[in-house]
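Comments concern the structure below.
The values are calculated or read from the model by the stated rules, or taken from the named source; none is laboratory data. Quick caveat: nothing in here was measured; it's all calculated off a predicted structure. Methodologically, a virtual Cβ is constructed for each residue, glycine included, from the backbone with ideal geometry; neighbour enumeration extends over all protein chains shown. Side chains included, ligands, DNA and RNA excluded: accessible areas come from the protein's heavy atoms. Shrake-Rupley method; radii C 1.70, N 1.55, O 1.52, S 1.80 Å.
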Amino acid sequence: MSKLLEVKDLRVSFNTYNGEVQAVRGVNFELNKGETLAIVGESGSGKSVTSKSLMQLLPAPQGFIKSGEILFEGQDITKLSNRAMQKIRGSEISMIFQDPMSSLNPTMKVGRQIMEGLIKHQGLSKTNAKNKSLELLKLVGIPNPEVRMTQYPHQFSGGMRQRVVIAIALACNPKVLIADEPTTALDVTIQAQILELMKGIQDETDSAIMFITHDLGVVANVADRVAVMYAGKIVEVGTTDDIFYNAKHPYTWGLLGSMPTLDDDEEELFAIPGSPPDMLNPPKGDAFAPRNEFALEIDKVMEPPMFKVSDTHYAATWLLHEDAPHIEPPEAVKRRMQGFSNTGSKDDKKK
């Protein structure tokens, strides 16, 4: 696989009246051509801040990249001016936001909003941009595109608006597509259609997708690799099968255990106790330790490194140290991992 994006020791902070909020604290990952990487975690874990950093869309001057590198095709885009980023944003790297209504201009017809990027980034004439826009609307499954081109966002349903946002994101054939909770505001049926649409488009264009979500059920169907974030750090990363069959970090166990399934006989869902830490004053040691029933004494004083589980699988937990006691995941988590195993891996589903 050819590496498109590489993030090295990314640290992002926000200046507030109360002090510096350390939203992202040393994140490392890479994204390859044709690959889907899912970044998962609770609200406040740093997922969306990471994605906005890649697009240089942090609210200035409060939000800023404190240190680290974001290499896009080998070039560190954190060093680029806003004008240089404008040439990359939308044409090379595009983003699908969570709420399509806030992403679309309510005063502009949908066709004009799609055409705008084609004219600006690709230099197309209005006629050619209009024809390409019609093709894009057909590609994302919007019926009667000639009529829909002339309508405003409020005349579309939520699912159709999200399809329009995807069409805009795809207009300039980006190499990297960042999808920030693109299906959260949609009902389950439309959610499935949008996910199927994104997978189909990726197969056609060979683009790389970074999928931001808190829903592990979504991840199982769309991702090739998964990075689990907590308190501004990636605490576990691996292939989808690594995470769902063989999760090693207690936080990942908690996320898996909180997934509802049709096979559950229990009356209550498994829940992670406590709340995420205050990132104004990140805790010493392992940030997850206060919520972790399996925490060791060392977790309170020393942050764990990334331990290698396999060539594709790494996790930052002292439970993987050779001197740590052997601890199995809770039964609720084991049942979910077994249930996922019985449905077949993502690769099996592709065949």
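Just a few scattered comments:
- FRET efficiency estimate (nearest 0.05) - Cβ-Cβ, THR127 to ASN281, R0 56 angstrom: 0.45
- Computed from Cα atoms alone, the Kirkwood hydrodynamic radius reported for the stretch 75-151 is 13.9 Å.
- Sorted largest first, extent of the stretch 8-93 alpha carbons per principal axis (Å): 40, 30, 20
- Solvent-accessible area per residue for the chain (1.4 angstrom probe, square angstrom): 48 Å²
- In this structure, THR16 and HIS154 have a Cβ-Cβ separation that, at R0 = 45 Å, corresponds to a calculated FRET efficiency of about 0.80.
- Normalised by the number of residues in the stretch 1-115, the average gap of Cα pairs under 8 Å and 6 or more apart makes the relative contact order 28 percent.
- Exceeding the 25 Å Cα-Cα cut-off - candidates LYS8/LYS87; LYS66/LYS308; LYS8/LYS308; LYS8/LYS248: LYS66/LYS308
- Spin-label pair LYS120/SER2, simplified geometry with 7 Å Cα→Cβ offset, distance in nm: 2.7 nm
- Taking the accessible area of the chain, probe 1.4 Å, and keeping the other protein chains in place, the carbon and sulfur fraction comes to 50%.
- Antiparallel bridge percentage (DSSP; both residues within the stretch 129-266; nearest 5): 55 percent
- The stretch 161-182 residues near the modelled ASN105 label - backbone nitrogen below 16 Å, point 7 Å along Cα→Cβ: 165, 168-169
- Extension gain, MET306 back to GLN338 (0.36 nm per residue minus Cα-Cα distance, nm): 9.0 nm
- Working from Cα pairs under 8 Å separated by at least six residues, relative contact order for the stretch 83-169 is 41 percent.
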